[in-house]
1. How far, in degrees from 0 to 90, does helix 249-267 lean away from the longest principal axis of the Cα atoms of the chain, to the nearest 10?
2. Read through the labelled values (i) 54, 24, 20; (ii) 46, 32, 13; (iii) 32, 21, 18 and report the label of the one computed as semi-axes √(5λ) of the Cα gyration tensor in Å from the structure.
3. For the chain, take the longest principal axis of its alpha carbons; what is the angle in degrees between that and the long axis of helix 41-57, to the nearest 10 within 0 to 90?
4. Quick one: putting +1 on the C-beta of Lys and Arg, -1 on the C-beta of Asp and Glu, what dipole do you get for the chain around its Cα centre, in Debye to the nearest 20?
5. Connecting C-alpha atoms closer than 10 Å in a GNM of the chain, tell me which of D139, D164, D240 has the biggest fluctuation.
6. For the stretch 61-204, what class follows from the C-alpha gyration tensor (a ≥ b ≥ c being the square roots of its eigenvalues): rounded when a/c is under 1.5, otherwise prolate if a/b is larger than b/c, else oblate?
7. Of the GluC sites (Glu not before Pro) in the stretch 40-105, which ones lie in a loop per DSSP and count no more than 15 other C-beta atoms within 10 Å?
8. In deg cm²/dmol, rounded to 500, what helix-only [θ] at 222 nm does the chain give when every DSSP H run of at least 4 residues adds -39500 (n - 2.57) and the total is split over its residues?
Amino acid sequence: MAKASNGPLGALNGKLRNLVFYMLNGQPVVRTIGDPGKPSRNQLANRQAMSVTMGLVSSITDFTSVSFELEAKGTVRNAHNLATSYIKKQALKGEYPNISVDYSKVILSNGSLPGAADLKIEKKEKGVLLSWDTTGSDDDIVMILLCHPLQKRATSCINAGRRDAGSYFIGLREDYLEEPIEAYICFRAADGKAISNSAYVGNLNGEIESPEERAQNKKYQLIKQRFDVVESDYLQQLKDNWGQRVDSKAFRNLEKEYEVLKNKLEHLPGKPG
């Protein structure tokens, strides 16, 4: 039973049929409970988009808890909410079931502090070297984030020296150094009262497929090969019978396999871009 503790016009608290009402960060929230039934394609796409988003967000929390702190201050949102929203809305690419992160569009901070030009990332023997133009307040603090997509981890450097240093070296393990790296940078005022927009520095080692993605692609190709054979046979039999379904058990089995394989391909990840 839901209760209206603040009168008939106030926020509810509790359960009312398949709805649950509660307060979150001082704001009234309502959500549904129970079996929602078979999800639509749009719902499946939204679920995958959220899953992909959270896979990245969970690995960069140390960085975003600082980089979004000022933007979240004084609002009902927190750094986690902001990171999730920006990535899900602006930094995803592809269509279900092949949604993935577009690392070049990831936003990690918003602010009025000047950014930097001439951003570079170089691979060295024991790590990576990031460099930037030093125009701006000398004592601004540099924040650097390296994403390691295959490891599903990130290297956060919250206090990577001062802006006037012009460069910063980050030591990395050999396996991290040989895998794809996505790099970002932003600047925070020394007093912590301002921050710059984040900037995408670039990629090292290209976008290499993970073992999981390779397995998905292989599975997709195998099913696609079988589907092509079944589809050709199915359509030919329809053509030979003047577009009408053939009244035989063999045709019904063929038609069922055709529909099953077609449905699988529509929902199976690994489809070539």
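None of the figures in this text is laboratory data; all of them are computed from the coordinates on show. Just so we're clear, the structure is a prediction, and the values are computed from it rather than from any experiment. Because the Cβ atoms are built from the backbone with ideal geometry, glycine has one as well, and the counts that use them run over all protein chains shown.
1. Helix 249-267 sits roughly 10 degrees off the main axis of the chain.
2. Here the calculated entry is (ii).
3. 30 degrees
4. Dipole magnitude for the chain comes out near 1340 debye.
5. Looking only at D139, D164, D240, the biggest GNM fluctuation is shown by D240.
6. Oblate, because a/c is 1.5 or more while a/b does not exceed b/c.
7. Passing sites in the stretch 40-105 are E95.
8. Working: 7 runs with 94 residues, N = 273.
The per-residue figure over the chain is -11000 deg cm²/dmol.
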